[in-house]
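Comments concern the structure below.
The values are calculated or read from the model by the stated rules, or taken from the named source; none is laboratory data. Predicted model only: the values in this text are computed from it and were never measured. Cβ placement follows ideal geometry from the backbone for every residue including glycine, while neighbour counts extend to all protein chains displayed. Surface accessibility is based on the protein's heavy atoms, side chains included, excluding ligands, DNA and RNA. Shrake-Rupley method; radii C 1.70, N 1.55, O 1.52, S 1.80 Å.
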Amino acid sequence: MLRFSTTSPSDPDKPSKIESSGLSLKDIVEQDLKENPVMLYMKGVPELPRCGFSALAVRVLNEYNVPVSARNILEDLELKNAVKAFSHWPTFPQIFINGEFIGGSDIILNMHQTGELKEKLKAFSEKEQ
């Protein structure tokens, strides 16, 4: 199950959801991580990734049948910069599990291959079944 939200307004004269929420961008990131056990900041959306690394991250996470929430960082440069500052990681996608920054697609692919990702996601996949 994939959930995603977009922060880009359809009308350029209207503020985005993030701008009108009254929360700082750091608060938005913290809220995302608190409310979503598996959070993916990516280029594009899970159904239509905009880069190969984001597509790879989605494919790997889909192997585990866990709920994944995602935000498209291409739609909000300030959010993109806030996530980079929060994680101290310069590239995307960025995957967080249970509020912990895990890394990018190369890291979760390696964790998938070694079985480490299965262990991290076991609690979430058991809840879904």
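Looking only at region 72-112, which residues are of a type in the set (A, V, I, L, M, F, W, C), more than 17 Å from VAL38 (Cα to Cα) and open to solvent by 10 Å² or more (accessible area, probe 1.4 Å)? Even if it seems obvious, please write down each step before you answer.
Start the filter on region 72-112 by keeping residues that are of a type in the set (A, V, I, L, M, F, W, C), which leaves 73-74, 77, 79, 82-83, 85-86, 89, 92, 95-97, 101-102, 107-109, 111.
This time we only want the ones that are more than 17 Å from VAL38 (Cα to Cα), so: 74, 77, 79, 82, 85, 89.
Answer for region 72-112, where residues must be of a type in the set (A, V, I, L, M, F, W, C), more than 17 Å from VAL38 (Cα to Cα) and open to solvent by 10 Å² or more (accessible area, probe 1.4 Å): LEU74, LEU77, ALA82, ALA85, TRP89.
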Can you tell me which residues in region 31-80 are over 11 Å from the mean Cα position of the chain (by Cα) and among the β-branched types (Val, Ile, Thr)?
-> VAL60, VAL66
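A quick yes/no check of all residues on (1) polar (S, T, N, Q); (2) open to solvent by 50 Å² or more (accessible area, probe 1.4 Å); (3) modelled with pLDDT of 95 or more; (4) touching a Pro at 6+ places or on another chain (Cβ under 9 Å):
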residue	(1), (2), (3), (4)
SER8	yes, yes, no, no
LYS14	no, yes, no, no
GLY22	no, yes, no, no
VAL29	no, no, yes, no
ASP32	no, no, yes, no
PRO49	no, no, yes, yes
GLY52	no, yes, yes, no
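Looking at region 76-88, can you tell me whether even one residue there is among the hydroxyl-bearing types (Ser, Thr, Tyr), part of a helix (DSSP H, G or I) and out of contact with any Asp or Glu (no Cβ under 7 Å at 6 or more places or on another chain)? Don't jump to the end; show me each part of the working.
Start the filter on region 76-88 by keeping residues that are among the hydroxyl-bearing types (Ser, Thr, Tyr), which leaves 87.
Add one more test, that the residue is part of a helix (DSSP H, G or I), and what stays is 87.
Subset that is out of contact with any Asp or Glu (no Cβ under 7 Å at 6 or more places or on another chain): 87.
So far as region 76-88 goes, yes, one or more of its residues are among the hydroxyl-bearing types (Ser, Thr, Tyr), part of a helix (DSSP H, G or I) and out of contact with any Asp or Glu (no Cβ under 7 Å at 6 or more places or on another chain).
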